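Accompanying notes for the structure given below.
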Amino acid sequence: MLLDGEEWRAMLRGFQTEAWRLETLPQYLVPQEVDELAAFRAGKRVDPDTYSSAYTEDLKRLCGAGRSKGRVHVLTRPLSEYLRFEFSRYYAPHVLAGEDIRILDVTERGNPLPDVEDFWMFDRSTVVLMKYEDDGTQIGRELYEGDPAPFIEWQRIAVAESVPFLEYTEHVTA
């Protein structure tokens with residue numbers, strides 16, 4: 001089952017306790033980010049302490065209601081331009097708004113999640129496989145209809161093997 005439009009937005013809003021994401025790519029080509037990425041390239045940065053968007057306000061509401069969003073991004077250094085952009089534009093303000101963002105840097109170690117592709121998991125029961133071209137262009141979202149147990153285990157491993165975003169950025173600049 002392919003998820004798009006309002007059906008996808010409803011899934012992102014409709015979870016009961018937890019929405020969690022595994023990211024594995026060095027870049028995501030998202031049409032709605034073109035202007036923001038150009039501004040980043042031109043040196044414009046957001047102030048994570050004062051930045052506000054519909055997403056950050058939604059995060060604050062979710063956290064206030066006892067719900068959580070989190071993610072782990074598996075990556076290697078040097079960080080791609082896109083990752084530097086994502087760290088600055090999204091991760092820093094989203095962490096301050098309450099999202100549990102963690103980094104699993106596999107530059108100098110084996111990847112504990114080899115061949116695991118991007119996915120979202122909602123309430124540890126509903127899994128959506130995120131489909132991308134090699135360059136990071138999204139080509140689909142597919143509702144996984146099998147047993148979520150492997151994804152729950154991959155989440156456990158990813159969280160155990162990663163470090164909080166702010167801790168990671170204290171020690172790594174590129």
Quiz prompt | Built amide H within the under 5 Å cut-off of Thr137, gap 5+ | solution = Leu29
Quiz prompt | Rounded to 5, percent antiparallel among DSSP beta bridges of the chain | solution = 55
Self-check item: Fraction of accessible area attributable to carbon and sulfur, the chain (%, probe 1.4 Å)
Solution: 51
Self-check item: Distant-in-sequence amide H partners of Phe119 (H built 1.01 Å from N, under 5 Å)
Solution: Leu22, Met130
Quiz item: Between Ile157 and Arg9, what length comes free when the chain is fully extended (0.36 nm per residue of separation minus the Cα-Cα distance, one decimal in nm)?
Solution: 50.5 nm
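How would Ile103, Ile139 line up by accessible area, probe 1.4 Å, largest first?
Values: Ile103 5, Ile139 105 Å².
Sorted by accessible area, descending: Ile139, Ile103.
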Quiz item: Highest GNM mean-square fluctuation, the chain, Cα pairs closer than 10 Å: which of Lys44, Lys131, Lys60?
Solution: Lys44
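Can you give the helix-only mean residue ellipticity at 222 nm for the chain, where every DSSP H stretch with n ≥ 4 adds -39500 (n - 2.57) and the sum goes over all residues, rounded to the nearest 500 deg cm²/dmol? Working shown, then result.
Values: 7 runs with 61 residues, N = 174.
Using -39500 (n - 2.57) per qualifying helix, the result is -10000 deg cm²/dmol.
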Self-check item: C-alpha center-to-center spacing [the range 1-38, the range 139-162] in angstrom
Solution: 15
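Roughly how many Å² is the accessible area per residue of the range 64-174, as a whole number, for a 1.4 Å probe? If you can, show how the numbers build up before the last one.
Working: 5330 Å² over 111 residues.
Each residue of the range 64-174 exposes 48 Å² on average to a 1.4 Å probe.
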Practice problem: For the range 12-85, just list the percent of Cα-Cα distances falling in each 5 Å bin from zero outward, please. | Solution: 3, 12, 17, 20, 23, 17, 7, 1
Self-check item: Nonlocal amide H pairs with Asp105, under 5 Å, H built at 1.01 Å
Solution: Leu75, Val163
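The values are calculated or read from the model by the stated rules, or taken from the named source; none is laboratory data. This structure is a prediction, so every number in the text was calculated from the model and none was measured. Only protein heavy atoms, including side chains, enter the accessible area calculation; ligands, DNA and RNA are left aside. Shrake-Rupley method; radii C 1.70, N 1.55, O 1.52, S 1.80 Å.
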